[in-house]
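The block underneath contains the structure these notes are about, expressed in structure tokens.
The values are calculated or read from the model by the stated rules, or taken from the named source; none is laboratory data. Model, not experiment: these values are computed from the prediction. For neighbour counting, all protein chains shown are included, and Cβ atoms are generated from backbone atoms with ideal geometry for every residue, glycine included. Quick note on the areas: whole protein, heavy atoms, side chains included, nothing else; ligands and nucleic acids left out. Shrake-Rupley method; radii C 1.70, N 1.55, O 1.52, S 1.80 Å.
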Amino acid sequence: MRFDVAGRSVLAATGAVPIDRPEVAGAPIVVLVHGAGMDRTVWSQQTRWLAHHGTRAVAVDLPGHGGSDGPVLGSIFELATWISEVSDALGGAIHVVGHSMGAFIGLEAAAEFPNKISSLVLMGLGAAMPVHPDLQTAADVDDPLAADLMAGWMHGPDQKFGTHPTPGMSMTGTARAIIETSPSGVLAEDLKLCAEYDGAIAAAAALTCQATLVLGRLDRMTPRKSAQPLVEALGHANVVELATSGHAPMSEEPEAVRAALADHLFATAD
Amino acid sequence: MVEPDHHHFDTRALHAGQRPDPVTGSRAVPIYQTTSYVFDSVDHAAGLFNLEVSGHLYSRISNPTVAVLEERLASLEGGVGAVCTSSGQAALHLAMVTILNAGDHVVASRNIYGGTHNMLSLTMPRFGVTTTFVDPRDPKAFAAAIQEDTRLVFAETLGNPGIEVLDIAAIAEVAHAAGLPLVVDSTFATPYLIRPIDHGADIVIHSVTKFLGGHGVAIGGVVVDGGRFDWAANGKFPTLSEPYDGYHGITFTEEFGTAALSMRARAEGLRDFGGCMSPTNAFYLLQGVETLPVRMARHVENTLRVVEMLDAHEAVTWISHPSHPSHPDHALATRLYPKGAGAILSFGIEGGREAGRRFIEAVELASHLANVGDAKTLVIHPGSTTHQQMSREDLAAAGISEELVRLSVGLEDPDDICADLSRALRVSQRA
Ligand SMILES: Cc1ncc(COP(=O)(O)O)c(C=O)c1O
């Protein structure tokens, strides 16, 4: 579906269940937020399932990503403000599911706009997200090497082999294609925002809503131990550790992520 | 600079898409010879049928053995995913029916496999899809043939039988400028020799029957989805960019993005047309793919030896292989195909149709049959077999001269291949 936020068109996948259908009126709104250089389709193993399991699922393309109008926004705080505007546009408080940069956005939004964010499920994040200088350099000049580097680091070692949970698909091939087709400069900008953001611990400490962290034990981009300061700052967070996931649990262990979402939403839905 | 953390091509040919079976430890890919799969629950079943969750539900749509081959070929080609089919022709059909509707038009190279030419020129028109054929060496001809209702551009990376070398990037540019995808049949090349997606092709088709399988034991095909084409950009591809009632109004581009084509090809194409690959054939074909790099290197090496021998033979009037300086695409092939431009070639024999017939009857090692891409050397003389009823003029129009012999160079000792051909050439000259 398309909707407007601050006068700009946003593309979102809703699992092909329109969120204004009478049957889903009043169901919790779950907004899924992708990471750097990615788009809404990283959630394709969760969006349609959520839409058919008692929620209104809205997997957004961030401004300037996928099918959403640009320009890209210049800080995690601006993106968090944008998420609060998404909540306004959708007509109520939202649960945010965020991956990597999207997890930072969710965290910042929940700390800054507590009335608009009902709860958080965050995956593929650490207290900080330093970016490998070679990755940033390649992204800065739109070198396809950037897509190759990210696709190679994104998943746990199992995905060097397979088998993909969706028959016939290639996980590294898909990651590479999404990054390669993202508009020029978008990945470079996203990576900078991730590296610059230093508000995660403060946001976690200020959080009043329920949070679940889904952490891959084999994550090489944001290693499991880099999330520990966040876990401690959150105090009350529910932590789900996935044994074979790297940085992209929603693709690598889709079933476990669906289960974590169900547990989380069931526990926090009114 | 750090290097991307991926296995190299030869490693992926052996490993992509599979880990040892977690239950039994089986190192080889097991043959999952089953039609169907037990559901965990009613909710799981409903989720599978409704594309909410992924997994296997019925082997017409997906199968674990076939999925390994699909993922492996997607990895070797650098695509987002792949769908295997019962044959190369079924792969071509699947790609076409996933993209096209009645009233649509195709621009295709005219130097393509005869079966594909039949499909496009005779069969597809019955379903309202027409084709204009153009010279594969002329990007301007592709551009000129594109009409308002054109929906895809098709060519072979190495043409048949002249081994015309497609300038993939140039033709992709023409297609993309018109908002159209470039679909290539890369059967003669295999991903070992060229990866068309890296050069701008959007969909790669193979007859896996040929070099990928490599042993002449099983028929199969594949559609590899490059995932880079924007199907939602211009409204020309409603099967992908508009809601589909087949799955309660799902829009494939919106839900699956880069994977839209492969998801629709499986969810609709395999479901409704049913041209799936069998698990046993997938197993046979996987054995071939495992050794693709080793075999192709040897196929090419032997081909160069054969070209050299034919070049020096007084009964040979001409040779058509891109490695030969006389080939019109020699320079392009040198640039695009550093590892060689395949193992299929044609040549002319002094003495026309009659000499061709005598040559074919005299070969002992080479097998006279209608196939290419086997481990064994194969030979055919269209003028006395497949095209025997055609006049010299009709043959010429199809790019086939009376004396043309097509050769698919195998993996035998090159001395033996050369000796066999050389002896048969001598016999062909005895009137
Ligand atoms: C270039 C090419 N494409 C497609 C095909 C058709 O493949 P299959 O025989 O597997 O249907 C062939 C078969 O000869 C071929 O040579």
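Tabulated data
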item: From A:Thr212, A:Thr222, residue being in a loop (DSSP other than H, G, I, E, B) and among the polar types (S, T, N, Q); result: A:Thr222
item: Within the range B:185-202, tally of residues that are of a type in the set (Gly, Ala, Ser) and away from the ligand (no atom under 14 Å from the Cβ); result: 2
item: Subset of the range B:146-162 (residues that are closer than 25 Å to B:Ile400 by Cα and either modelled with pLDDT of 95 or more or open to solvent by 10 Å² or more (accessible area, probe 1.4 Å) (or both)); result: B:Val153, B:Phe154, B:Ala155, B:Glu156, B:Thr157, B:Leu158, B:Asn160, B:Pro161, B:Gly162
item: Where a residue in the range A:11-31 is under 29 Å from B:Ala233 (Cα atoms) and more than 8 Å from chain B (Cβ to nearest Cβ) and its partner, wherever it lies, is part of a strand (DSSP E or B) and of a type in the set (Lys, Arg), with Cβ under 6 Å and at least six apart; result: A:Ile19/A:Arg56; A:Ile29/A:Arg56
item: Checking B:Leu212 against (1) within 14 Å of the ligand (Cβ to nearest atom); (2) closer than 21 Å to A:Pro183 by Cα; (3) not aromatic (Phe, Trp, Tyr), the condition it does not meet; result: (2)
item: Residue match in the range A:15-24 (condition: open to solvent by less than 30 Å² (accessible area, probe 1.4 Å) and either within 16 Å of the chain's Cα centre (by Cα) or of a type in the set (Phe, Trp, Tyr) (or both)); result: no
item: Helices (runs of 4 or more DSSP H) wholly inside the range A:121-200 containing at least 2 residues that are of a type in the set (D, E, K, R) and within 14 Å of another protein chain (Cβ to nearest Cβ); result: A:133-140, A:171-180
item: Conditions (1) at the interface with chain A (Cβ under 7 Å from one of its Cβ atoms); (2) touching a residue at least 40 places away in the same chain (Cβ under 8 Å); number of the one not met by B:His56; result: (2)
item: Filter pass, B:Ala218 being surrounded by 24 or more Cβ atoms within 10 Å (Cβ to Cβ), within 16 Å of the ligand (Cβ to nearest atom) and aliphatic (A, V, I, L, M); result: no
item: The lone exception for B:Gly213 - which of (1) small (Gly, Ala, Ser); (2) open to solvent by 30 Å² or more (accessible area, probe 1.4 Å); (3) at negative phi it fails; result: (2)
item: Candidates B:His44, B:His8, filtered to the one that is open to solvent by 50 Å² or more (accessible area, probe 1.4 Å) and within 13 Å of chain A (Cβ to nearest Cβ); result: B:His8
item: Only listed residue being open to solvent by 40 Å² or more (accessible area, probe 1.4 Å), assigned by TED's automatic domain parsing to the domain that holds B:Ala201 and touching a strand residue (DSSP E or B) at 6+ places or on another chain (Cβ under 9 Å), chosen from B:His117, B:His105; result: B:His117
item: Near pairs, Cβ below 9 angstrom, 6+ apart or cross-chain, from the range B:231-251 (more than 11 Å from chain A (Cβ to nearest Cβ) and acidic (Asp, Glu)) to any residue that is part of a loop (DSSP other than H, G, I, E, B) and surrounded by fewer than 18 Cβ atoms within 10 Å (Cβ to Cβ); result: B:Glu242/B:Gly235
item: Residue check for B:Glu3: within 10 Å of chain A (Cβ to nearest Cβ), farther than 22 Å from A:Arg48 by Cβ and more than 27 Å from the chain's Cα centre (by Cα); result: yes
item: Residue check, B:Gly226 away from the ligand (no atom under 16 Å from the Cβ), at pLDDT 95 or above and crowded, with 24+ Cβ neighbours inside 10 Å; result: yes
item: Unique residue being more than 18 Å from the chain's Cα centre (by Cα) and buried (at least 16 other Cβ atoms within 10 Å of the Cβ) when the list is B:Gly55, B:Gly79, B:Gly25; result: B:Gly55
item: Filter result (facing chain B (nearest Cβ under 8 Å), in a helix (DSSP H, G or I) and open to solvent by 10 Å² or more (accessible area, probe 1.4 Å)) within the range A:38-50; result: A:Arg40, A:Thr41, A:Trp49
item: Residue match in the range B:321-342 (condition: free of Cβ contacts under 8 Å to residues at least 40 places away in the same chain, closer than 15 Å to B:Leu421 by Cβ and of a type outside the set (Asp, Glu)); result: no
item: Among the candidates A:Met169, A:Met154, A:Met150, residue that is touching a helix residue (DSSP H, G or I) at 6+ places or on another chain (Cβ under 9 Å) and free of Cβ contacts under 8 Å to residues at least 40 places away in the same chain; result: A:Met169
item: Answer from B:Ala375, B:Ala396 - the residue that is more than 14 Å from the ligand (Cβ to nearest atom), hydrophobic (A, V, I, L, M, F, W, C) and under 27 Å from B:Arg298 (Cα atoms); result: B:Ala375
item: Test: B:Asp245 is more than 16 Å from the ligand (Cβ to nearest atom) and under 24 Å from the mean Cα position of the chain (by Cα); result: no
